[in-house]
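Since the structure comes first, as C-alpha cells, the remarks are kept for the end.
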Amino acid sequence: MLLAFGNFTADPSVNLQLLIGGLALGAIYAVVALGFVLVYKSTDVLNLAHGEFLMLGAYFALTFLISENLNFFLGVFVLLLVMLVFGLLVHYGIMRRMVGQGFFAIVLITLGIATIIRALLLIFYGPTERGRLDLLPQGSFEIGGATVRHVDIIIFAVVAGCVLLFFLFFKYTRLGLHMRAVADDIEAAAAMGIDPDKVYAMTWAAAMVMAGIGGLLFGHVTGAIDRSIEAIGLRAFPAAVVGGLTSLGGSIVGGLVVGVIEQFANGHLGTKWREPVAFSVMFVVLLVRPTGLWGRKDLERV
Amino acid sequence: MTRRWLKLVAALFAFALIAAACGNDDDDGGAAPAPAPAEEEPAPAEEEAPAPAEEEAPMEMTVPDNPDNGVTSSSIKVGWMGDLTGPTASSQQFNSHGSEAYFECANRDGGSLGRMFEYLPEDDQFNADNAAINFTKLTEDDKILALVGLGGSHISTQLQPDIETLNLPVIGPPQTIDIQLEGDQYFNNLAHYGDQADLAAGHIAATVGGIENAVVMGISLEVPSGTEFAAYVEQSVEKGGGTYVNTLYVAPGASEVTAQMVELQAGIDDHGVNYVTLHGSPGAGLVVMQGMADVGITDVPIIGIHGIAANSIWTEGPESVSDETFGIHSFLTANNNIEASALMEECASLAGYDGEHLNLNFAHGFLNGYVFHQAVERAAETGELSRESLTEALKGSFDTMGITCPIDWAAHPHHSQCGAAFSLDAASGGMVAANPFSFYADSFDGEYGIEIG
C-alpha cells in the first residue's frame, strides 16, 4: 500500500476541491436547515421528519419529471403544489391536534411522520435505487485545478434566493408578520385577531414546499435516489443548530460552515471522522452560544 | 374529535392516492405487482422447460411426518432470512423472490413427497436484533427444515452457534465469509470474498495485459466486509506483482464522495492508478460512479463485488463510467440461454415477479430453491426427512440447470469457487459475463482467513 490519508494537505488544488465540495454540500445542508428553521421559528416545533420530507420531494420529482415526463416547469409546479397540499394535510391532519402539547410529544409525532413516510415510499416505490436526476445543467468547469459543477452554482443561487424571499416574506408581508407574531406569543397574537391555526398551516405548507425544492436539488447531486437519502436530515441538523434554529440567514451560514468542515475532515482525517467532527462543532457552538451563532435568545419575565 | 380523526384518515388516504399514482411508473424499480393467479399464466413454456427436479422426484416416494423439522402431512417448511425492506433490500429482495418463484413452480407441479413447499421469508432489515427474533420464530414456531439464504455477514456470524446446535442446513447465503467455511451447516454457492478478490485480480490482469501492469485503488464501504475485501484484493494484486495503492472508504449512506475522488485523482496522477475495485451495495456503487463522472474520471475501469453486479448500476449509473464497470457474481440470468432460462422466466411470472429473471440475485435464489428440492428428495431416500438427513444429502453434487458451475459439496468446506465479471446486456436487459466461468477458474488461490492489519 503506497498512500496514507492526509498526504496531500499542502496541495492547493486539492484543498480548493475540498472547499468547493464542502460549499456544494453545505448548500444542500442549508436547504434542509432552512426547512428546520422555518418550522421551528414559526411553530416552536423541532421537526425531525424534515429529511423524510426532502426524500418525498426527491421521489415526487422522479415521478413527475422522469416517469411522467412532464415539462420541467410544469413538473416543478406540480411537485411543489403536491408538497404544499401535503404540508396542509400534515398540519390539519396531525400537527393541529398537538398545539399546546409538550415539546417531546410533538418531536415524537414528527418521528412518527418520518416513519410513515419511509414506509409509504417503500411500499409504493420499492427498495430499488434510482439514478440521479439530470434535468438541470450537468456540465462543469475548472478553477485552479478544481472542478465546479454547474448544478452546484444553481443550488447556491436557489438557496440564496429562498433565504432572500423568506426574509422579505417575514419582514414585509402580512402573513409573515402574523407568523412572527404567533411565534413570539401565540396568546397575544390570537387576542389581536390572528388565527394561529392558519398561520401554522401556512408554515407547514411552506416547509413542505421548501422540502420539495430541496428534494429536487438534492436529487441532482446525490449519486442515487433511495431511502438512504433521508439521512440528509440528520446530517444537516448541526447546520441548523450552528446557525441558530431561529435564523434564516444563520441556516445558510451554518450549512456552509458544516459542509466545509465535514469535507475537510473527510479529506484529511478519513471518512470516519466526518460526522464526529461536524457534531463536535455543534457541541462547541452550543456550549458557547446555546442559541446558535445567530439564534434568538428568548427573554422571560420573572 | 371524530371530525379530526376523519380528516387525519382523509389526509393519509389522499397521500396514499398520490403515492400510488406516483409509484405507477414503468421502470423496473417499483413495487412488485401482486401475484397473478396461476390459471392465467400462459402454459407453452411448461413443455419446453424442465419441471423442477423432475428426474430425481419419483412421485410415489414419501416419508413420515416430522413436524419438529418442518415436515408436516401437507407441507415442507423452508425459511429465508434477509433484508427485504432495509438498506440492502435492493439486492436481497431479488434473492428471496427467486426462491419464492422456484417454490411456486414446484408446487404448481405437485410439490414433493406428496407435500407442498411452504416458503417462509422473514425480513430483518439488515438488523441483527430483528434477525435473532426471526430466527427464533422460524426454528421454534415454524420449525423449518432448512434456510435457503441468510443475508448479512454480521447476522450469519451472530447466529452461527445456534445454526450448528440445531443442525439447521443453510443453503446458498448471499455472502460467503470465513466463519461459514468453518461451519458444517453452510452450503455456499456464491464465491467467497477471497475468491472474488482473486477473480478481480484475474480480470484486471486480462484487461491491462498482466497483473504486473496493474495499479489498483480500492473503494470500500466502511464496514467489516469492506475492509476484508480490500485486504484480499491487496493480497491478490501484490502476490502477482501488481501494485495496490490504497483503500478509500465511503460511509454507508453517503450521498457524495468529493474527498475520495480527490484522493483517487491523486492516485491516478502520482501512481498511475489504472483500475478501481469497488465494494458496496448498488446504491453506494452509484454514488461512487457519479462521483467519478463528476470529476471526469471516466477512463479508469471498475470491478466490484457481487453487490455491484446489480442491473441498476448500468440502468441508473452514468454511462461514461458504467461502460467500463463490471460486477462479480456466481450465477447466470435467464437471458444467457441456459437450461433454466425458460423455467426461470415462467416461474418469475407465475410468482408475480415479471422481469426479475434478468437479475443475478434472482437467479441465485432460484437455484437455492432448486438445490433444496433435489436435496429433499435425496434425503427422503433414507426413509426420513430431517435436518440431519438433509444435511447429509447436501454433501454431494447437484444439478444447477446451468445457473452456476457444477455444485459438489462432498468435501468440507461446502462452497463453490465459481464466478465471472458481469455487466448489463442492453439488448436483453439481463446480465452477461465478460468471459465464461472457466476463464476465471485459474484465478482462485483457495486461500482464506486473511489477517487484516
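The values are calculated or read from the model by the stated rules, or taken from the named source; none is laboratory data. These figures come from a predicted structure and were not determined experimentally. Every residue, glycine among them, receives a Cβ derived from its backbone with ideal geometry; neighbour counts consider all protein chains shown.
One residue alone among A:Glu275, A:Glu187 is within 12 Å of chain B (Cβ to nearest Cβ) and either under 14 Å from the mean Cα position of the chain (by Cα) or in a helix (DSSP H, G or I) (or both), and that residue is A:Glu275.
Checked against (1) of a type outside the set (Val, Ile, Thr); (2) in contact (Cβ under 8 Å) with a residue 40 or more places away in the chain; (3) within 16 Å of A:Ala206 (Cα to Cα), A:Ala114 passes all but condition (3). The set of residues in region B:115-136 that are over 22 Å from the mean Cα position of the chain (by Cα) and under 23 Å from B:Ala101 (Cα atoms) comprises B:Arg115, B:Met116. Just one of (1) in a helix (DSSP H, G or I); (2) under 18 Å from A:Tyr40 (Cβ atoms); (3) small (Gly, Ala, Ser) fails for A:Gly295. It is (1). Scanning region A:220-257 for residues that are in a helix (DSSP H, G or I), more than 14 Å from chain B (Cβ to nearest Cβ) and among the aliphatic types (A, V, I, L, M) returns A:Ala239, A:Ala240, A:Val241, A:Val242, A:Leu248, A:Ile252, A:Val253, A:Leu256, A:Val257.
Is one or more of the residues making up region A:47-60 farther than 20 Å from A:Arg235 by Cβ, modelled with pLDDT of 95 or more and out of contact with any Pro (no Cβ under 6 Å at 6 or more places or on another chain)?
Step one: of region A:47-60, the residues farther than 20 Å from A:Arg235 by Cβ are A:60.
Then drop every residue that is not modelled with pLDDT of 95 or more, which leaves A:60.
Now drop any that are not out of contact with any Pro (no Cβ under 6 Å at 6 or more places or on another chain), which leaves A:60.
Yes, region A:47-60 contains at least one residue that is farther than 20 Å from A:Arg235 by Cβ, modelled with pLDDT of 95 or more and out of contact with any Pro (no Cβ under 6 Å at 6 or more places or on another chain).
Here region B:180-211 is the region considered, the condition is being over 18 Å from the mean Cα position of the chain (by Cα) and surrounded by fewer than 21 Cβ atoms within 10 Å (Cβ to Cβ), and the residue that is farthest from B:Glu238 (Cα to Cα) is B:Asp184.
Take the conditions in the same structural domain as B:Val237 (by TED's automatic domain parsing) and either among the hydroxyl-bearing types (Ser, Thr, Tyr) or closer than 30 Å to B:Asn189 by Cα (or both) and apply them to B:Gly267. Does it pass? In short, no.
In the condition set (1) away from every other protein chain (no Cβ under 12 Å); (2) in a helix (DSSP H, G or I); (3) farther than 30 Å from B:Ile313 by Cα, A:Trp204 is compliant with all but (1). Could you tell me whether B:Val257 is surrounded by 24 or more Cβ atoms within 10 Å (Cβ to Cβ), within 17 Å of B:Thr298 (Cα to Cα) and at pLDDT 90 or above? For B:Val257, the condition - surrounded by 24 or more Cβ atoms within 10 Å (Cβ to Cβ), within 17 Å of B:Thr298 (Cα to Cα) and at pLDDT 90 or above - is met.
With the structure loaded, tell me whether A:Ile261 is of a type outside the set (Phe, Trp, Tyr), surrounded by fewer than 24 Cβ atoms within 10 Å (Cβ to Cβ) and not in a helix (DSSP H, G or I) or whether it fails that test. I'd like the intermediate steps shown before the answer.
Details: of a type outside the set (Phe, Trp, Tyr): yes; surrounded by fewer than 24 Cβ atoms within 10 Å (Cβ to Cβ): yes; not in a helix (DSSP H, G or I): no.
No.
Residues in region A:115-135 that are facing chain B (nearest Cβ under 7 Å) and assigned to a helix (DSSP H, G or I) were compared, and the one that is surrounded by the most Cβ atoms within 10 Å (Cβ to Cβ) is A:Tyr125. The conditions are (1) within 11 Å of chain B (Cβ to nearest Cβ); (2) surrounded by fewer than 24 Cβ atoms within 10 Å (Cβ to Cβ); (3) touching a residue at least 60 places away in the same chain (Cβ under 8 Å), and A:Leu25 fails exactly one of them. Which is it? So A:Leu25 meets the others, but not (2). Contact annotation: residue pairs with Cβ atoms under 7 Å, 6 or more positions apart or on different chains, pairing a residue in region B:137-161 that is farther than 25 Å from B:His192 by Cβ with a partner that is assigned to a helix (DSSP H, G or I), are B:Thr139/B:Leu166; B:Lys143/B:Pro67; B:Lys143/B:Asp68; B:Lys143/B:Asn69; B:Ile144/B:Leu138; B:Leu145/B:Asn69; B:Leu145/B:Arg387; B:Leu145/B:Leu390.
Annotation: B:Gly253 fulfils all but one of (1) in contact with a Pro (Cβ under 8 Å, 6 or more places away or on another chain); (2) part of a helix (DSSP H, G or I); the unmet one is (2). Quick check, is B:Ile338 part of a loop (DSSP other than H, G, I, E, B), in contact (Cβ under 8 Å) with a residue 24 or more places away in the chain, over 18 Å from the mean Cα position of the chain (by Cα) and not assigned by TED's automatic domain parsing to the domain that holds B:Val250? Here the answer is yes, as B:Ile338 does meet what is asked. A residue that is in contact with a helix residue (DSSP H, G or I) (Cβ under 8 Å, 6 or more places away or on another chain), within 14 Å of chain B (Cβ to nearest Cβ) and not small (Gly, Ala, Ser) occurs somewhere in region A:101-114.
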